[in-house]
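Here's the structure we're looking at; comments come further down.
The values are calculated or read from the model by the stated rules, or taken from the named source; none is laboratory data. Fair warning: this is a prediction, and the values are worked out from it, not measured in the lab. Virtual Cβ from ideal backbone geometry, glycine too; neighbours counted across all protein chains shown. For the accessible areas, the whole protein counts, side chains as well, though only heavy atoms, and no ligand, DNA or RNA atoms are used. Shrake-Rupley method; radii C 1.70, N 1.55, O 1.52, S 1.80 Å.
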Amino acid sequence: MVDQPVIVIGAGPAGTRAAQRLVQAGLRPVVIDENDRQGGQIYRRQPENFRRPAEKLYGTEAAKATALHTDFETLRPHIDYRPGTTVWGVSETGLMTVRASTVDVVPFSRVIIAAGATDRIMPVPGWTTPGTYSLGAAQIALKAQACAIGGRPVFMGTGPLLYLVAWQYLRAGATPAAVLDTSSLTTRLRGLRGMASRARVVANGVRYMADLARAGVKLHAGITPLAIESSNSHVSAVTWRDTKGALRQVACDAVGMGYGLRSETQLADLLKCEFMFDPCFQQWRPHVDRNGRTTRPDVYLAGDGALLRGADAAEAAGQLAACAVLHDTGHTIDQHETAGLHETLAVMNRFGRGLAQAFPWPAHLAASLPDDTVVCRCENITAGEIRRAAGELDAPEMNRAKALTRPGMGRCQGRMCGLAAAEILAAAREVPVREVGRLRTAAPIKPLPLNCTVKS
Amino acid sequence: MPALFRRVAEKDRKTIHLFVDGHEIEAREGDTLLVALLTRTDRLRHNEFDASPRAGFCLMGACQDCWVWTEAGEQLRACSTTAQSGMRITTTEVPWLINR
Ligand code: FES
């Protein structure tokens, strides 16, 4: 096994910095990237024939984005880069990948998973109506394709991304009809102490809100989402309840929604890493030490796929995971390097916890979703069916509920509905959400093309 | 059908042509299939279980709610596939290929 390469999965901030550190130590890692171009989601690149400058795409983060992209280009001759390639499974000899329709097995000595995160979604009646997107999707449309999801979108959910995306739409000329945040102003103040550790980031957020307000965009706090309305199968309005309990509605032609992030943890699960319930983010995640080591000696994690701390933390965590790999394979690592990274990450940890407190996952909404609300958008499994699994069919945890009434059985494997389905199950059984467990991962973690051929 | 997406910049890219359900459409070089379609229309596909119209959701290859097919039966995620000149796409799975 000595000659097997180290694999880095993901080429966002964490994956890029991990690969860079490995190259510095003289290794030639394999970097597997699901996207066609390096950058991950946050620093996602536009297609090569697009012309907008970095400032336009990444705003205050332009310098970091550019540094990450140019550093990666420098790395290219020293790594085995495999863009457009998805890791979908694990075999005894390595990771199963697919590129277009060619399947391959890639053996490894160690693997650093930097798989990132997707939006955390709380369903709402009407959310499968065309014109409804995740917040991340609304941002990708703008950043990577120079498109707005509509001319007058509503952004609904909670978290810093809500205001960033709304602000980016304002600047692009698609003025938001409203920003609806489930977090109240008092709740946000409570998280401020932890967030104060990164004053610049807070200041940016405040600026986005101020710019939006100045442009006449209404920012509503402490709302309860009720429905995405439609006419002719197209988003026409959002209905919500305000803090005083009054029914409100705003007309719009698109909705971007999201309640923070959820880590992509399927690969760690397939690799049999142990999981733990993270009380701060209210979700299950693989167990990692502060260097990114999992409970399996050859598997390491970095970035939002391990701990939801954002892009700056991901860069540090990527480098740190690479240091851990190097240390564990007999290289000497300067203590100052790891100490410095730990220090950086301690600030990010405080900040991340502050954010989670200021913009909490609105778990309570799950209990009041009407029975006919679609939760699983793959197979149209409703909240009522999950409650039937909880009650009449007596499913004590998610995998049993999935077997009985299919939430999370669809082809997205519960990426969109899993966390909300768990909340519905837990609420119906009147137990804390950790007690209903998490959906077990099954390969392929993303659907494979029907006509796959195995690489010879 | 009104378009769902609107272009806000990068409008002077080269025009390409592809076929969707047999009709020729115009797109721009660098468009994803999802953008090529949704800048002209308001849906990508229909859900297999209740036939409701869908237009993708995550744009990052996670939700799988943007599948379209080539006329040869190859399934594609519209959000993560670049539109190519001359591509022939169908928004419903070609019936004679379903039960292979
Ligand atoms: S829109 Fe979600 S996978 Fe394409």
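Below is a table of values for the structure above.
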item: Average beta carbon contacts from partner chains per residue of A:371-377, 10 Å cutoff; result: 2
item: Accessible area buried between chains A and B, both sides summed, probe 1.4 Å, in Å² to nearest 100; result: 3800
item: Principal axis box of segment A:306-421, alpha-carbon based, largest edge first, Å; result: 59, 34, 23
item: Spin-label model distance (nm) - A:Arg296 vs A:Thr332, 7 Å beyond Cα toward Cβ; result: 3.3
item: Segment A:182-241: translational diffusion in µm²/s, Stokes-Einstein, Kirkwood Rh over Cα pairs, 10 °C, 1.306 mPa s; result: 114
item: Three semi-axes of the equivalent ellipsoid, segment A:364-436, Cα gyration tensor, whole Å, largest first; result: 16, 13, 11
item: Stokes-Einstein diffusion coefficient of the protein assembly as shown, Kirkwood radius over Cα pairs, 4 °C, 1.567 mPa s, in µm²/s; result: 54
item: Entries in A:Lys56/B:Lys11; A:Lys143/A:Lys455; A:Lys56/B:Lys14; A:Lys402/A:Lys446; A:Lys64/A:Lys446 that, when Cα-Cα distance is taken, lie over 23 Å; result: A:Lys143/A:Lys455; A:Lys64/A:Lys446
item: Charge dipole magnitude, Cβ of K and R +1, D and E -1 - chain B, Cα centre, debye nearest 20; result: 260
item: Accessible area in the full protein assembly, largest first, 1.4 Å probe, for B:Asp42, A:Asp242; result: A:Asp242, B:Asp42
item: Residue-averaged beta-carbon neighbours from other chains (10 angstrom radius) around A:140-153; result: 6
item: Percentage, to the nearest whole number, of Cα pairs in segment A:121-259 over 28 Å apart; result: 13
item: Ellipticity estimate at 222 nm from DSSP helix runs (n ≥ 4, -39,500 (n - 2.57)) divided over the protein assembly as shown, nearest 500; result: -9000 deg cm²/dmol
item: Protein-only accessible surface order, largest first, of B:Lys11, A:Lys272 at 1.4 Å; result: A:Lys272, B:Lys11
item: Cut-off under 5 Å, modelled amide H: who pairs with A:Phe275 long-range; result: A:His287
item: Chain B - percent relative contact order, Cα under 8 Å, separation 6 or more; result: 30
item: Calculated SAXS-style log₁₀ I(q)/I(0) at q = 0.13, 0.16 Å⁻¹ - segment B:26-97, Debye, Cα scatterers; result: -0.33, -0.51
item: Rough spin-label spacing in nm, given labels placed 7 Å along Cα→Cβ, for B:Phe19 and A:Asp211; result: 4.5
item: Mean Cβ neighbour count within 10 Å, used as a protection proxy, ranking A:333-343, A:122-132 highest first; result: A:122-132, A:333-343
item: Between segment A:287-355 and segment A:379-436, the Cα center-to-center distance that results, in Å; result: 33
item: Protection-proxy order for peptides A:383-390, A:152-159, each taking the mean of Cβ atoms within 10 Å per residue, highest first; result: A:152-159, A:383-390
item: Karplus-derived 3J(HN,Hα), 6.51/-1.76/1.60, for each residue of segment A:99-106, Hz, glycine and proline x; result: 10, 6, 10, 9, 8, 9, 10, 10
item: Alpha carbon Rg of segment A:407-456, scaled by the compact-globule rule 2.2 N^0.38 Å; result: 1.56
item: Cut-off under 5 Å, modelled amide H: who pairs with B:Cys63 long-range; result: B:Cys58
item: Solvent exposure, largest accessible area first (probe 1.4 Å, DNA, RNA and ligands not counted), of A:Glu274, A:Glu48; result: A:Glu48, A:Glu274
item: FRET efficiency, 1/(1 + (r/R0)^6) with R0 51 Å, evaluated for A:Leu393 and A:Asp36 via beta carbons; result: 0.70
item: The protein assembly as shown, dipole about Cα centre (Lys/Arg Cβ +1, Asp/Glu Cβ -1), debye to the nearest 20; result: 1160
item: FRET efficiency, A:Ala346 to A:Val201 (Cβ-Cβ, R0 22 Å, nearest 0.05); result: 0.90
item: Loop chymotrypsin sites (Phe, Trp or Tyr not before Pro), segment B:40-77 (other Cβ atoms within 10 Å of the site Cβ: 15 or fewer; DSSP); result: B:Phe49
